[in-house]
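Before we start, here is the structure in question, set down as structure tokens.
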Amino acid sequence: MTAPAPAPAVAPAPGLVRPRSRRLLGAGRPGWSTAVLVVAALIASPVLAVALRALLQGGLQLPGGVGRMVVTTLLLVTSVALGTAALGTGLAWLVSVHEFPGRRVLSWLLVLPLAMPAYILGFVFLSTFDYAGPVQGALRSVLGDDLGALPVRSLGGASVVLVLTLYPYVYLLVRAAFTDIAPTAYDAARTLGASPARAFRTVLLPLARPSLAAGLALVTMEVLTDFATVQYFNVRTVSVGVYLTWKGSFDVASAVSLASLVLVFALVVLGMERGLRGGARYHQRGGRGRGLERRELTGGRAVAATGACALVAALAFGLPVLRLATWAWSAVADDNPLVNDRFADHLTSSVLVAAIAAVSCVLVSVVLAHALRLGGGRWVRGAAQATTFGYAVPGAVVGIGVLALFEGADRLLEALGREDGTGVLVTGSVLGILLAYVVRFTAPAYQAVDASFGRIPPTVSASALTLGATPGRLLRRVHLPLARSGVAVALTLVIVDAVKELPLVLLLRPFGFTTLSVWVYELASENFWERAALPALLIVVVAVVPVALTFRTRVTGQAP
Amino acid sequence: MVGVMPASTPAAASPGSATGDPSAGATTPALRLQAVTKSYGEHPAVQAVDLAVAAGEVLTVIGPSGCGKSTLLRLAAGLERPDSGSVWLGDREVAGSRWVPPERRHVGLVFQDHALFPHLDVATNIAFGLDRLPRGERGPRVTEVLELVGLGDLRDRYPHELSGGEQQRVALARALAPRPAVVLLDEPFSSLDENLRAQVRADTLAAIRLTGSAALLVTHDQTEALSLGDRLAVVRRGVVEQVGPPTEVYETPVNRFVATFMGDADYLPAHVRDALLTSEIGVVSTVPGWGRTELDVEVMLRPHEVALRPEPSAAAVVERVEYHGAFVLHHVRLPSGRTVRSWQQHGVRLEPGTPVDVTVVPGSRPVLLSGDTALFAPPDSARR
């Protein structure tokens, strides 16, 4: 499971990027504009590599059983999309239009599952509900042995785990639509005599449709990205196929073929998002943050509302964290050498890679934002916009794309006379992981940096230039000092995303290179749940940071 | 004075010389825009503009919002690149056949929002443009310009600790510190309180005069434009309609737009015959040079040119009275239903309904229009 965006305020869905109407310094700088194009090319390169490689090898070379994989992928995507749509929209409706005890706290707690990677919730879920787990044990003790084995390791089980980790995307975007976009129209409908239910059906839902579409697109991309969690459940999607094919045979042709299949899935999803959005872009002014008129719930209804929200938050975050903490406690108490020995090692790998990735992504983002401020026409703006789509590309495509790039580099080097090429294709390399991270995580970093740049008046940049500052000095003396809060947020976001990231590392890591997330996954795959708990808990704690950041934003009304 | 002034292309020999080279090319202007055109998408912001600011001169550019006046300034600063035409600073071409980016143009720029660097104190803000100066000379120069704008004691403050007027003066000091040949000011006073504005305006002008820089000041405030500059350029839809000294632009506007935009004006159908201008209110004035001419025209009357005298038998009636303090504006309905306005002294307040005799203040030279264009001499077709 890759890093979910903490909140749309920081990293909007691909389809929801704010239209910008800033007046830039229209002259443009060839050097900086070129830098933007280079960055865009770099970020697009893995996707292009997959597409190009697929074309060059003359069609797809699909391994056997691909039909089943496609069907499984379709089933999984559909069930998770339906589940998150229902759960996300329902909860958003509950907390936006109603008043009940604990609503304020719960409406934030419901975002917390964003900090729970699916590969962690997945093994906690399995340990709890599997045949040997406490739930089935309890059931058997009550109902007897003839219960048989519940089908937990199944597509259904995987769907439940993915829905519980991914619904916050839909919840956040739809809730934002309800409170930011719809209030005036909702009020108008209510004063025209519509009941709350009718106003919800005829006004709120249609107005929230673009946000719902964007949220579902994000969810679907995450499902397509995942090839770790679903393997706990013996579910073989196309992305799993990509991973197993590559790790099993190191056959670039087959891996690229499957990856381009994932790419096709992703393109269909983006197309459907466009369709669902129906060309609608609702940017209603006024009433921002004012929220809807909320109906006070009383008695049993209030209890039910509080209970439902609390139950979801508990299932998706509270109980799993509790269980992890218990395990971690007992593991530490046992002083299991495994816990302490490798822990520092893997932690160092995680932190190092995350830090380098964060610095790279922020560097790239600052170059983008600064170059855009210097002007440079439609191409440059388009290129900068294109870099944000890396976040939507499924991890399997990015990973295989990076491998295809390495293969291309190998061939080039061999053609130039170096026989072993780069030598990293099969062995993997940290460089590949970093490249993949930059492709995936530049988008959230750029959103944060760009938001900070947006708060620097263009006249300040213009003044600096007319006072004789070169673009470099403008960046050092004016833009960077003024955008430092955005830079800090961007660094945090990427570090967290990178620490949580699993599929890309699994695919690209060199032999013997293990991060915390990979370690958790390996231990969990072998049912060493207690040992996996401590690193898993650490990842969750780190991942809570950006969610808490956005909470502060909502409460204080200030951007982080 | 020659013939009919076409509204869109004021000829160079008109009362308000369009290129506005005050000294007729004797010295090189500090800033010159030559046939400059700039469009945003399909929307032309500036069309074939010729404009020159002489060394030491203050030129105000005025026009309704969205007329392209700020674009002129951005073109001069190098924040926009012209689609065609050229920009010159002294005898150096900075846009056109070559391109000089803003940081190498050496012009000062002051914005409406002052655009101070919020993370730097006043002294560091002002020193920002002095980085090419030897280190030892920066401090004295900062002190010098701070004294010039009268803020010597605020050098360690941060922008957020300053009032709007102080921010404006720091912005000016920062722009003047590197001794630019040209200062560009984009509505520098419009973010200030009304009661502060006159003083800041006067101080700003004094500071600019002291440094001897040429200044191009963009504004949408008529009073400011008329009182501030040596010359004034009126812009509409990206086209310079008229350039000239403020008195000339106000008193002899080249067309109806300039006439109306620069001050209150009422228009009455009128007739010239043998140098005598008559209208509904009787004889308006004589028109020297219009002998042996007969022509239907329109006459523009500014409220200060209209005199009122209570006269029970008169057909015109006071309709409405606006008290403005020192003066009182009377709206008078003429028998035709048209209205004219008249400024009266503080003490004069005629009740609505009072019949009044309307005349034109002796010595006035009201502007005549044919269509939307001002007439400064009788057209040949009207000769008898």
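Give me the extension gain from A:S195 to A:A386: residue separation times 0.36 nm, minus the current Cα-Cα distance, reported in nm with one decimal.
Contour length minus Cα-Cα distance gives 64.4 nm.
Where a ≥ b ≥ c are the square roots of the eigenvalues of the C-alpha gyration tensor, would you call segment B:97-171 rounded, which needs a/c under 1.5, or, failing that, prolate if a/b is larger than b/c, or oblate?
Taking the square roots of the gyration eigenvalues as a ≥ b ≥ c, segment B:97-171 is oblate.
Note the per residue figure in Å³ for the convex hull of the C-alpha positions in segment B:141-271.
Convex hull of Cα atoms, per residue: 124 Å³.
Pop out the ³J(HN,Hα) list for segment B:116-126 in order, Karplus 6.51 cos²θ - 1.76 cosθ + 1.60 with θ = phi - 60°, rounded to Hz; leave Gly and Pro as x.
Values, residue by residue: 6, 6, x, 8, 10, 6, 4, 4, 5, 4, 5 Hz.
Work out the length of the dipole vector of segment B:264-382 about its Cα centre, built from +1 on the beta-carbon of each Lys and Arg and -1 on the beta-carbon of each Asp and Glu, and round it to the nearest 20 debye.
So the dipole magnitude of segment B:264-382 works out to roughly 260 debye.
Which residues' amide hydrogens lie under 5 Å from the amide hydrogen of B:S39, considering only partners 5 or more residues apart or on another chain, with H built in the peptide plane?
B:A45, B:D83
In Å and from the alpha-carbon atoms only, list the Rg and Dmax of the protein assembly as shown.
36.6, 124
In segment B:231-353, if every C-alpha pair distance is counted and binned at 5 Å from zero, what percent goes to each bin?
Going out from 0 Å in 5 Å bins, segment B:231-353 shows 2, 10, 16, 18, 18, 16, 12, 6, 2, 0 percent.
How big is the gap, in Å, between the Cα center of segment A:86-127 and the Cα center of segment B:97-148?
Cα centroid to Cα centroid, the span is 53 Å.
Express in whole angstrom the spacing between the alpha-carbon centres of segment A:484-534 and segment B:192-219.
With segment A:484-534 and segment B:192-219 each reduced to a Cα centre, they are spaced 61 Å.
For the protein assembly as shown, what does the helix formula give at 222 nm: sum of -39500 (n - 2.57) over DSSP H segments with n ≥ 4, over the residue count, nearest 500 deg cm²/dmol?
About -16000 deg cm²/dmol.
Please name whichever of A:G395, B:A55, A:Q136 sits farthest to the positive end of the charge dipole of the protein assembly as shown, dipole taken about the Cα centre and charges placed at Cβ: Lys and Arg +1, Asp and Glu -1.
A:Q136
Could you please tell me the mean projected area of the C-alpha convex hull for segment A:454-508, averaged over all directions and given in square nanometres to one decimal?
5.2 nm²
Here is a further query. Which parts of segment A:490-525 would a label at A:F250 reach, counting a residue when its backbone N lies under 14 Å from a point 7 Å out along Cα-to-Cβ?
Of the residues in segment A:490-525, A:508-512 have backbone N under 14 Å from the label point off A:F250.
Give me the inter-chain shielding for B:105-118: mean count of other chain Cβ atoms within 10 Å, whole number please.
For this peptide, the per-residue mean of nearby foreign Cβ atoms is 5.
Return the distance in nm (one decimal) between the two label points of a simple spin-label model at B:T124 and B:H304, each offset 7 Å from Cα along Cα→Cβ.
For B:T124 paired with B:H304, the spin-label model returns 4.9 nm.
Another question, if that's okay. Return the Cα extents of segment A:407-547 along principal axes one, two and three, sorted largest first, each rounded to a whole Å.
Each principal axis gives a Cα extent; for segment A:407-547 these are 62, 50, 17 Å.
While we're on this one: Please give the average number of partner chain Cβ atoms lying within 10 Å of the Cβ of each residue in A:473-482, rounded to a whole number.
Averaged over the peptide's residues, the number is 2.
If I model a spin label at A:L319 and A:V359 as a point 7 Å from the Cα along the Cα→Cβ vector, what separation in nanometres do I get?
Computed distance between label sites A:L319 and A:V359 equals 4.4 nm.
Another question, if that's okay. From the square roots a ≥ b ≥ c of the eigenvalues of the alpha-carbon gyration tensor of segment A:289-409, which class results: rounded (a/c under 1.5), prolate (a/b over b/c), or oblate?
Note, shape of segment A:289-409 comes out oblate.
May I pose another question? For chain B, modelled as a Gaussian network with Cα springs under 10 Å, which listed residue fluctuates most, B:T293, B:T71, B:T60?
B:T293
Right, another one. Please list, in chain and number order, the residues 5+ apart from A:H98 or on another chain whose amide H is under 5 Å from its amide H, with Hs placed from the backbone.
A:R295
Work out the mean other chain Cβ neighbour count within 10 Å for the residues of B:127-140 and drop it here as an integer.
Taking the mean over all residues of the peptide, I get 2.
While we're here: When a footprinting reagent is the concern and you count Cβ atoms within 10 Å, what order do B:D230, B:D186 take, fewest first?
B:D230, B:D186
Bin by bin, in steps of 10 Å, what percent of the Cα pairs in segment A:76-198 do you find, going until the bin that has the longest distance?
12, 30, 27, 19, 9, 3, 0
Over the Cα atoms of chain A, how large are the radius of gyration and the largest Cα-Cα distance (Dmax), in Å?
In Å, with Rg to one decimal and Dmax whole: 24.2, 84.
Additional query: Can you list residues from other chains, or at least 5 along the same chain, whose modelled amide H is less than 5 Å from the amide H of B:L184?
B:G108, B:L109, B:V110, B:L216
Say each of A:T326 and A:L352 gets a label point 7 Å from the Cα, pointing the same way as Cα to Cβ; how far apart are those two points in nm?
3.7 nm
Now a separate question. What does the charge dipole of the protein assembly as shown about its Cα centre add up to, to the nearest 20 debye, if the Cβ of each Lys and Arg holds +1 and the Cβ of each Asp and Glu holds -1?
820 debye
Using +1 at the Cβ of each Lys and Arg and -1 at the Cβ of each Asp and Glu in the protein assembly as shown, identify which of A:A302, A:G472, A:A462 lies farthest towards the dipole's positive end.
A:A302
Separate question: If R0 is 51 Å, what FRET efficiency do you get for B:S39 and B:D357 from their C-beta distance, rounded to 0.05?
Rounded to the nearest 0.05, the efficiency is 0.45.
Take each complete run of DSSP H in chain B, measure how far its Cα atoms stretch along the helix's own axis, and keep only those covering 24 Å or more with mean Kyte-Doolittle hydropathy at least -0.5; list them.
B:194-211
If you don't mind, there's one more thing I want to ask. Which ³J(HN,Hα) values in Hz, rounded to whole numbers, follow from the phi angles of segment B:301-317 under the Karplus curve 6.51 cos²θ - 1.76 cosθ + 1.60, where θ = phi - 60° and Gly and Pro get x?
10, 8, x, 6, 8, 9, 9, 10, 9, x, 8, x, 8, 6, 8, 7, 9
Something else now. Tell me, how many Å apart are the Cα centres for segment B:337-384 and for segment A:245-268?
Going from one Cα centre to the other spans 84 Å.
Read-outs: derived from the displayed coordinates by stated rules, not from any lab. Owing to the predicted nature of the structure, the values given are computational and were not obtained by experimental measurement. For neighbour counting, all protein chains shown are included, and Cβ atoms are generated from backbone atoms with ideal geometry for every residue, glycine included.
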